[in-house]
1. Tell me whether the stretch 344-366 contains one or more residues that are at pLDDT below 85, crowded, with 21+ Cβ neighbours inside 10 Å and outside any helix (DSSP H, G or I).
2. Let me confirm something: among 262, 276, 257, which residue is touching a residue at least 12 places away in the same chain (Cβ under 8 Å), part of a loop (DSSP other than H, G, I, E, B) and not hydroxyl-bearing (Ser, Thr, Tyr)?
3. On the given criteria, is residue 150 surrounded by 22 or more Cβ atoms within 10 Å (Cβ to Cβ), in contact (Cβ under 8 Å) with a residue 60 or more places away in the chain, of a type in the set (A, V, I, L, M, F, W, C) and more than 23 Å from residue 297 (Cα to Cα)?
4. Kindly provide the set of residues from the stretch 262-286 that are open to solvent by 40 Å² or more (accessible area, probe 1.4 Å) and aromatic (Phe, Trp, Tyr), ordered by number.
5. Would you mind stating whether residue 191 is more than 27 Å from residue 361 (Cα to Cα) and buried (at least 16 other Cβ atoms within 10 Å of the Cβ)?
6. Please go through the stretch 393-433 and pick out each residue that is under 25 Å from the mean Cα position of the chain (by Cα), open to solvent by 50 Å² or more (accessible area, probe 1.4 Å) and among the β-branched types (Val, Ile, Thr).
7. For the stretch 287-304, give me each residue that is under 20 Å from the mean Cα position of the chain (by Cα) and open to solvent by 20 Å² or more (accessible area, probe 1.4 Å).
8. Tally time: how many residues in the stretch 198-233 are farther than 30 Å from residue 31 by Cα and buried (at least 19 other Cβ atoms within 10 Å of the Cβ)?
Amino acid sequence: MSQSIPEPAPLAPGRSRPTVTSSEMRPRVSPVFVVIYALALFGVWMAINLPSTVTVALRIAEIDPAGKTTTYSLVAGIGTLTALLANPLFGQLSDRTRSRFGRRRPWIVVGLVGTTVGAAIIGTSNTIGLLIFGWVLMQAFINACIAAMLAIVADRIPESQQGLIGSLSGTASAASTVVGIFFIQAFPESILAQIGLPVVAALVFGTALVLIFRDDTPAAVNQARFTAKTFLRSFYANPRTSPDFVRFLSAVFLFCVGSGVVLTYSVYFLQDEVRVSPEELPNVLFLTLILTGSLNLLVAPLVGSFCKTLRQRKTALVLAAILVAAGIAAIATTADVPQFLVGMALAGGVGPGIMFGVYIVLALGTLSEHSSAARDLGIVNIATTLPFSVVPFAAPLLLSVGGSSPNYQLLYLAGAVISLSSIPVLLAVRPPR
């Protein structure tokens with residue numbers, strides 16, 4: 001920010017200021033707003049991360065124990081594809097909303113209500129079809145919250161605070177896993193409690209954000225008409241006008257494939273390869289999620305605060321890819337819990353934690369222009385989410401190679417190689433011109 005521009009005083013608690021055109025000119029938001037924003041992100045991430053990593057897999061194992069890997073691949077793939085469609089859809093609708101309550105807050109409320117309904121269906125389901133229906137609702141409506149909340153960074157946050165607040169999304173995600181796993185420990189026999197209590201947190205903190213963000217402004221009257229073509233553009237970044245942004249998206253996608261492999265199949269890997277007993281599985285999952293979540297929580301804000309330039313953020317992501325690949329290799333070659341935990345510390349903890357700390361600000365730094373920043377952040381969300389759809393659909397091909405038992409080693413090592421392939425793509429990203 002230019003030294004000739006005095007820094008405005010922080011906002012009073014419970015207030016935010018109208019949008020300013022340039023991110024460099026926006027007044028700083030208050031610590032109270034930052035805390036509530038972080039808690040709201042924490043709530044929505046916990047509502048979706050816990051079922052994504054543990055609860056849905058456990059529920060499927062109860063309903064369909066014989067076909068759990070194939071069924072889980074189907075359920076996870078459908079859910080993630082739903083998220084891929086829902087995020088840009090609700091993002092575009094939010095960009096065009098001219099409600100008297102603003103353009104972001106209505107969709108946060110809609111998302112919270114829809115997520116609650118989906119969670120209730122999953123918690124009471126006794127068939128795979130009903131579970132899929134509830135999971136689709138959850139994935140769709142939680143992305144209404146995520147799209148609206150992340151757009152606040154582009155809408156409202158000055159450049160001087162974007163590094164901190166951008167890293168909060170990853171930090172909140174990590175914290176949500178750490179806290180959420182306690183619900184599994186506290187209610188080991190109640191899927192409804194395991195999936196419902198995180199949603200209660202999302203409702204409480206999301207409502208607090210809606211209440212404090214009172215001057216959320218409606219969309220401009222002269223918005224372009226929303227059409228099918230407009231919606232399809234939500235999935236596209238022009239490599240001619242934004243070449244470095246496209247390279248960044250490609251690198252993040254490749255990086256997240258490795259994380260997708262680790263997080264998607266950890267429950268079944270522990271059951272089938274490490275031979276963890278049903279009685280011990282909740283404890284091992286508890287240790288795993290506490291370890292990885294705590295490392296995410298520690299690493300993301302440190303890296304986000306330390307890395308000030310595009311070059312530093314690129315270097316951080318290169319290191320993250322190497323750590324993820326090393327962790328995956330450790331997991332793929334283990335037959336005991338301690339080595340599994342070491343691998344998860346790298347592949348699910350430190351590596352993703354580094355990415356969480358820098359990826360949003362790095363994305364903003366590679367944009368050629370910021371007039372469509374909210375939409376472009378939606379594309380970033382697709383790049384980080386799409387691997388969790390691709391992996392469940394592609395994984396059965398690799399798991400079936402070599403015999404009757406699942407070939408987890410081949411799947412994991414493929415994920416490591418793909419994560420490493422993000423490095424040359426990332427190194428090609430250049431500073432904005």
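1. Among the residues of the stretch 344-366, at least one is at pLDDT below 85, crowded, with 21+ Cβ neighbours inside 10 Å and outside any helix (DSSP H, G or I), which makes the answer yes.
2. Exactly one residue qualifies, and that residue is 276.
3. The answer is no for residue 150.
4. 286 - this is the single residue of the stretch 262-286 that is open to solvent by 40 Å² or more (accessible area, probe 1.4 Å) and aromatic (Phe, Trp, Tyr).
5. Considered against the rule, which asks whether it is more than 27 Å from residue 361 (Cα to Cα) and buried (at least 16 other Cβ atoms within 10 Å of the Cβ), residue 191 comes out as yes.
6. Within the stretch 393-433, 417, 418 meet the criteria.
7. Within the stretch 287-304, 290, 291, 294, 295, 297, 298, 299, 301, 302, 303 qualify.
8. Qualifying residue count for the region: 0.
The values are calculated or read from the model by the stated rules, or taken from the named source; none is laboratory data. Just so it is clear, the structure is predicted and the values come from calculations on it, not from any experiment. As a convention, Cβ positions derive from the backbone with ideal geometry for all residues, glycine included, and neighbour counts pool all protein chains shown. Each accessible area value is taken on the protein alone, full model and side chains, heavy atoms only, with ligands, DNA and RNA left out. Shrake-Rupley method; radii C 1.70, N 1.55, O 1.52, S 1.80 Å.
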